[in-house]
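The values are calculated or read from the model by the stated rules, or taken from the named source; none is laboratory data. Bear in mind the structure is a predicted one, so any value in this text is a computation, not a measurement. Positions of Cβ are backbone-derived with ideal geometry, glycine not excepted, and every protein chain shown enters the neighbour counts. We work out accessible area using only protein heavy atoms, side chains counted, and drop any ligands, DNA or RNA first. Shrake-Rupley method; radii C 1.70, N 1.55, O 1.52, S 1.80 Å.
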Amino acid sequence: MNRRDFVGLTGLGATALLLPGLPGFGAQRVDPSRLLEPGADTILKKRLADAALNAAKSAGASYADVRIGRSLNQYVFTREKQVQNIVSTESYGVGIRVLVNGCWGFASTSVVTEASLAATARLAADIAKADRLVMKEPVQLAPQQGYGEVSWRTPIQQSAFEVPVKQKADLLLAANAAALDAGASYINSALFQVNEQKYFASTDGSYIDQDVHRLWPTFNATAVDTKTGKFRSREALSAPVGLGYEYLTPSANEQVYGPQGTDTVGYKLRYDILADAALAGKQAKAKLGMRSVTPGKYDLVLDPGHLGLTIHESVGHPTELDRVLGYEANFAGTSFATLEWKAKNLPYGSPQVNIVADKLQPGAVGTVGYDDEGVKTKEWDIIRAGKLVDYQKIRDQAHIVGQKASDGCCYAQSWEDVQFQRMANISLRPGPAKMSPDEMISKVDKGIYIAGAGSFSIDQQRFNFQFGGQLFFAIEKGKITEPLEDVAYQANTQEFWGACQGSCDQSDYRLFGTFFDGKGQPAQVSSVSHGSATTRFNAVNVINTARKV
Amino acid sequence: MAILSQTEAQDILKKVIGFSTADECDATLNGSLEGNVRSARNSISTAGAVDNVSLAVTSYFGKRSGTATCNQFDDATLRRCVQRAEEIARLAPESPEYMPLLGPQTYQSSPLSFAASTAGITPDYRASQMAASMQYCDSKKLSSAGFLNDQAGFVAKRNSKGLEAYQRTTNLDFSITVRTLDGLGSGYAATDFTDIKNFDAARLTAVAASKASSSVGAKAIEPGKYTVILEPNALVSGSDASLLAALMRSFDARAADEGRSFLSKKGGGNRKGEKLFDERVTIYSDPTNAEVPDLTFSGDGRPQQRTTWIEKGVVKNLYSSRYWAQKSGIPDLPSPGGFIMEGGTQSTADLIKSTAKGILVTRLWYIRPVDPQTLLFTGLTRDGTFYIENGAIKFPVKNFRFNESPIIMLNNLEAIGRPVRLAGNLVPPLKIRDFTFTSLSDAV
């Protein structure tokens, strides 16, 4: 299933980023019980990996890595009172990357035998040799120690795959009922469960076994007024998370109430889908009668479930070094934050802006122990007091910026795809002083509070962007006054972050995330989270998106 | 083993159906061999090959169904796969939207969907095409980033009601972005083929290079409503959302009948039969079209046939699931793989000559829905945006953000050019009046 199929099946999708990544037509679907089978053990994987590495070296590789991958996914789709589909997929195979005379070659196969892996390694070497004549910049790999035999697992309390399918379907159906009872005309809901079993081995001497889990419950509730022909939707305020099924166990401690007058609830590491669905049904219906926004300049107060997407697009992507260098020029674009731009020490934002890259953050969907070229992950600063201080890098880029090590940002969406640079969890540090969203709003004279991620678009160098949201509320003289619709804001990245007036404190901090961040050719998706607290931006241009057809 | 013949594939599927003890059984076999080369900074960045085959089996007991798969094809594995599907089917809830499997179908022949030339592509071929592209840019002192991807594949279906289908496909996609070394100019070109006999990466690179050189020194002009000439790359895309593809994906009958589509009618029902677009707009699909051959069967086994979606501006058909078609008594039409928009004989150059004042748009980017009620989308121009005056390009302009709906766009139609193949569709360049640009972008 690709993203388009997913959107078609579920009616969801406005907050999913970019591109497809799940298995397509005729995908390898399996029965749910098989998802609990352990798969090949590490002894067998090591033997297979060594067969590939030895074949690669014999074929002339100066470096090689092998990824034996088993991806397990289960998706439960429902609409209104019925289960639409329960899809269990399994994908098992091996991707082999080799470096021959300074050229990369990659090949993958679903036939997992020592002979097949050796042949696939030789094919990868042949591809590298074919490209040697047109290679101008030989690859330089940052040195990487071998870790020997190590392992890592997402710290989950309960694997979603161990929960009976009926229990999961019943939960979604209960959420649907809650939304319908509260005023929705229709609702589509879905539960995504992902388990990546990844075994990595390289000629550096690493044999890394990882067990990665992710979960995403979501829905889209729609209210229809048949008399006027108007329809409005409100999507779930959940986030994709690097957690187990415990995410779906509500906890009052993990709820964050929105500002007075908004009737919104945000969620940290536990999510109450029933409460959120009921609220969504009510709010979708209320959207049918809201006032259309008057365009102009407003101070924006953005909740973390909204701001995460803005961070993703305007900071996460432009600070990926491959974009800065031009490797994405044909597809996802380049970046305004070039090496020359950074050398001038130009401000990225106001001094209140401190942004961190983090592959270790608990609960985040981009969190792993090691990346897909055998680098142990870490946390590091990207923007400090409004100044860009570093990029996100992988092994073959570090030397370009005078560094000697990768940041551990290499990832492939499956065994059959080549690994390349992907975004770390990129988050805005919360403000140092105690401040609630209500206190922040009390100081705004004319503004708009926005909750939840909606429409999103940014140019190929990450200057000009436009974002919508799920819920919008007018702020007048320090108070929320009424809900609004047809709101989108347009800004330039540097001006926007330069207008940042500060964030609420850690108690308001929570994660936004995506399963579908697209990049690369062939296009791949990756999962990434973005944390922040509610944050204020002054004098941002708001447009009215209402049109007549 | 990725490209199985019809006999090889159906032999496996016959075994699968033979192992079934369910009321109904459906099996699909799918495989492909794929190769690619990616370049940036006038050098190869990655290159790869993928070989994969999979079998999916769906079993039915009454209104209950279950699906399992495998990717090994010995008898024991196939038998286990069928048994697993049946175990899930026995445990699954009944579906109120269950539809019996289709019986034997007649599919049109589409031999042009597969070309031996494309299936025979080697790593050396890919490298040589990319080399020619990069050498052109080297000679012009320009920097390029490109992508070449080729695929040969097959899909085979069989079910216990006697349905049988098989088709092979090939495809090659190539796209190239050329930038000036100072980063102030950028141009783009893209193409795709079923048969690579006419593919020439260097020729296409020259188009992108010309745009890159010409786009240096872009001037800022005020955003607002402009007459635009949208080249085919600005209307459809193989790598991003696109205005025309988004329009065609919104022709779902159920969404329209349920009141959550621009095709919903006030008071209930849908707008099939209404004239919603300029009368020069005719869009259809045809899997046997020689220029854009496609699969002649859908994922659930329904035949894909020539279908008119918009005729002279009137909505003629909506696609739907088999369940919704039966429930609402409408034609049982699957959604198409690609579409064909009828056009005229004018080239993009001809459209420019007939334009007093306007803007030429090479490509649109990051197109996202803003309002599903009006099918409003936002996005940006990219890789070659030029001001036209008195029938000629006068100067490059800075990129714009647009907020526009393809419904409005296809009502503000000034002229339609000659269709070309892009991303498996046939799309003409369009001249549109009052296209809404809402802000400027500094991006090059």
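B:ASP23 versus B:ASP434, label points 7 Å from Cα toward the beta carbon: distance in nm?
Going by the 7 Å Cα→Cβ label model, 5.5 nm.
Given a 1.4 angstrom probe, I'd like the percentage of the accessible area of region A:486-528 that is carbon and sulfur, rounded to a whole number.
C and S atoms contribute 44 percent here.
So if each residue of separation counts as 0.36 nm, and I subtract the Cα-Cα distance between A:TRP341 and A:GLN82, what length gain in nm does that give?
Details: separation 259, 0.36 × 259 = 93.24 nm, distance 5.42 nm.
Extra length available between A:TRP341 and A:GLN82 comes to 87.8 nm.
What is the Cα centroid distance between region A:435-466 and region A:207-284, reported in whole angstrom?
The two parts, judged by their Cα centres, are 19 Å apart.
Grab the Cα-Cα distance for A:LYS387 and A:SER350, subtract it from 0.36 nm times how many residues apart they are, and report the gain in nm with one decimal. Working shown, then result.
Details: separation 37, 0.36 × 37 = 13.32 nm, distance 0.83 nm.
Length gained, A:LYS387 through A:SER350: 12.5 nm.
Determine the relative contact order of chain A: mean sequence separation of Cα pairs under 8 Å and six or more apart, normalised by residue count, in whole percent. Write down the numbers at each step before the final one.
Working: 1483 pairs, mean separation 89.1, N = 549.
Worked out over chain A, it gives 16 percent.
Give the shape of chain B as rounded, prolate or oblate, defined through the alpha-carbon gyration tensor: a ≥ b ≥ c are the square roots of its eigenvalues, a/c under 1.5 means rounded, and otherwise the shape is prolate if a/b is larger than b/c and oblate if not. Intermediate results must be reported in sequence, preceding the final value.
Details: a/c = 2.44, a/b = 1.43, b/c = 1.70.
It comes out oblate by the Cα gyration axes.
Label A:ASN544 and B:ARG203 with points 7 Å out from Cα along Cα→Cβ: what is the distance between them in nm?
Modelled inter-label distance: 5.1 nm.
Find the accessible area per residue for the protein assembly as shown; the probe is 1.4 Å, ligands and nucleic acids are left out, and the unit is Å².
Numbers: 33920 Å² over 993 residues.
Per-residue value: 34 Å².
Take every DSSP beta bridge with both residues inside the protein assembly as shown and express the antiparallel ones as a percent of the total, to the nearest 5. Mind dumping the intermediate values first?
Numbers: 228 of 251 bridges.
Antiparallel bridges make up about 90 percent of those DSSP assigns within the protein assembly as shown.
What are the ³J(HN,Hα) couplings of region A:484-491, residue after residue, when phi is run through the Karplus curve with 6.51, -1.76, 1.60 and θ = phi - 60°? Round to Hz, x for glycine and proline.
Values per residue, Gly and Pro as x: 10, 9, 6, 9, 8, 10, 10, 7 Hz.
Mind giving me the FRET efficiency for B:ALA356 and B:SER213? R0 is 35 Å, r the Cβ-Cβ distance, nearest 0.05 is fine.
Values: r = 26 Å, r/R0 = 0.74.
Efficiency, from the Cβ-Cβ distance: 0.85.
Compute a Gaussian network model of chain B, connecting alpha carbons closer than 10 Å, and tell me which residue from B:ALA165, B:ALA189, B:ALA127 fluctuates the most.
Among B:ALA165, B:ALA189, B:ALA127, the largest GNM mean-square fluctuation belongs to B:ALA127.
Considering only A:PRO437, B:PHE147, A:GLN82, whose Cα is most displaced toward the positive end of the charge dipole of the protein assembly as shown, charges sitting on Cβ of Lys, Arg (+1) and Asp, Glu (-1)?
Value: A:PRO437.
Round to a whole angstrom and tell me the spacing of the C-alpha centers of region A:83-127 and region A:51-81.
For region A:83-127 versus region A:51-81, the Cα centre distance is 6 Å.
Of the peptides B:35-44, B:15-24, A:461-470, how do they stack up when ordered by the mean number of other Cβ atoms within 10 Å, highest first?
Working: B:35-44: 23.5, B:15-24: 18.1, A:461-470: 25.2.
Top to bottom by mean Cβ count within 10 Å: A:461-470, B:35-44, B:15-24.
Per the 1.4 Å probe, what fraction of the accessible area of chain B, in percent, lies on carbon and sulfur atoms?
Details: 7750 of 16160 Å².
Carbon and sulfur atoms account for 48 percent of the accessible area of chain B.
List, in the order given, every pair from B:LYS63/B:LYS157; A:LYS376/A:LYS519; A:LYS519/B:LYS357; B:LYS266/B:LYS327 whose Cα-Cα distance in the structure shown is over 29 Å. Intermediate results must be reported in sequence, preceding the final value.
Numbers: B:LYS63/B:LYS157 21 Å; A:LYS376/A:LYS519 23 Å; A:LYS519/B:LYS357 36 Å; B:LYS266/B:LYS327 21 Å.
Pairs exceeding the cut-off: A:LYS519/B:LYS357.
Using amide H atoms built 1.01 Å from N in the peptide plane, name the residues 5+ places from A:ASN544, or on other chains, whose amide H lies under 5 Å from its own.
When sequence neighbours closer than 5 places are left aside, there are no close amide H contacts.
How large is ³J(HN,Hα) for each residue in region B:413-421, as worked out from phi by the Karplus curve 6.51 cos²θ - 1.76 cosθ + 1.60 (θ = phi - 60°), to whole Hz, x for Gly and Pro?
7, 9, 7, 10, x, 7, x, 10, 6
³J(HN,Hα) across region B:55-66 via Karplus (A = 6.51, B = -1.76, C = 1.60, θ = phi - 60°), whole Hz, x for Gly/Pro?
For region B:55-66, the Karplus curve yields 10, 10, 10, 10, 10, 10, 10, x, 9, 9, 9, x Hz.
For region A:110-168, rounded, prolate or oblate, judged on the Cα gyration tensor with a ≥ b ≥ c (square roots of eigenvalues), a/c < 1.5 rounded, else prolate if a/b > b/c?
Values: a/c = 2.75, a/b = 1.94, b/c = 1.41.
Note, shape of region A:110-168 comes out prolate.
With no other cysteine's Cβ closer than 4.7 Å, which Cys residues of chain B count as lacking a disulfide-compatible partner?
So, B:CYS25, B:CYS137.
Along the charge dipole of region A:189-332, Cβ charges K/R +1 and D/E -1, which of A:LEU302, A:LEU248, A:PHE331 sits furthest on the positive end?
A:LEU302
As an exercise, use a Förster radius of 22 Å and the Cβ-Cβ distance of B:THR308 and B:ARG418 to find the FRET efficiency, rounded to the nearest 0.05. Let's see the in-between values first.
Details: r = 20 Å, r/R0 = 0.92.
E(calc), rounded to 0.05, equals 0.65.
Along Cα→Cβ, 7 Å out, is where each label goes; now give me the distance between the ones at A:THR226 and B:ALA220 in nm to one decimal.
5.2 nm
Applying 1/(1 + (r/R0)^6) with R0 = 56 Å to the Cβ-Cβ distance of B:GLU389 and A:HIS399, what FRET efficiency is obtained, to the nearest 0.05? List each step's numbers first, then the result.
On the way: r = 48 Å, r/R0 = 0.86.
Calculated transfer efficiency: 0.70.
Under 5 Å between amide H atoms, partner at least 5 residues away or on a different chain: which partners does B:LYS161 have, H built in plane at 1.01 Å?
For B:LYS161, the qualifying residues are B:CYS25.
Report the charge-dipole magnitude of region A:294-420 in Debye, nearest 20, computed about the Cα centre from +1 at each Lys and Arg Cβ and -1 at each Asp and Glu Cβ.
On the way: 12 positive and 18 negative charges, 113 e Å.
Computed about the Cα centre, the dipole is about 540 debye.
Which shape class, rounded, prolate or oblate, goes with the protein assembly as shown when its Cα gyration tensor gives a ≥ b ≥ c as root eigenvalues, a/c under 1.5 marks rounded, and past that a/b bigger than b/c marks prolate?
Details: a/c = 1.12, a/b = 1.09, b/c = 1.03.
Taking the square roots of the gyration eigenvalues as a ≥ b ≥ c, the protein assembly as shown is rounded.
Calculate the dipole size of region B:101-242 relative to its Cα centre from +1 charges on Lys and Arg beta carbons and -1 charges on Asp and Glu beta carbons; express the result in debye to the nearest 20. Don't skip to the answer; put the middle values down first.
Values: 13 positive and 12 negative charges, 32 e Å.
Computed about the Cα centre, the dipole is about 160 debye.
Do any of A:LYS136/A:LYS344; B:LYS353/B:LYS394; A:LYS297/A:LYS479; A:LYS46/A:LYS378; A:LYS282/A:LYS479; A:LYS297/A:LYS344 go past 19 Å between their Cα atoms, and which? Each step should come with its number before you reach the end.
Values: A:LYS136/A:LYS344 29 Å; B:LYS353/B:LYS394 12 Å; A:LYS297/A:LYS479 17 Å; A:LYS46/A:LYS378 26 Å; A:LYS282/A:LYS479 22 Å; A:LYS297/A:LYS344 30 Å.
The answer is A:LYS136/A:LYS344; A:LYS46/A:LYS378; A:LYS282/A:LYS479; A:LYS297/A:LYS344.
Taking amide H atoms as placed 1.01 Å from N in the peptide plane, list the residues 5 or more away in sequence, or in a different chain, whose amide H sits under 5 Å from that of B:ALA423.
The list, which skips near neighbours in sequence, is B:ASP192.
What's the total accessible area buried between chains A and B, using a 1.4 Å probe, rounded to the nearest 100 Å²? Can you show the working numbers first?
Numbers: alone 21450 and 19770 Å², together 33920 Å².
Roughly 7300 Å² of accessible surface disappears when A and B pair.
Quick one: Cα centre-to-centre distance for region A:497-549 and region B:165-234, in angstrom?
Distance between centres, Cα-based: 30 Å.
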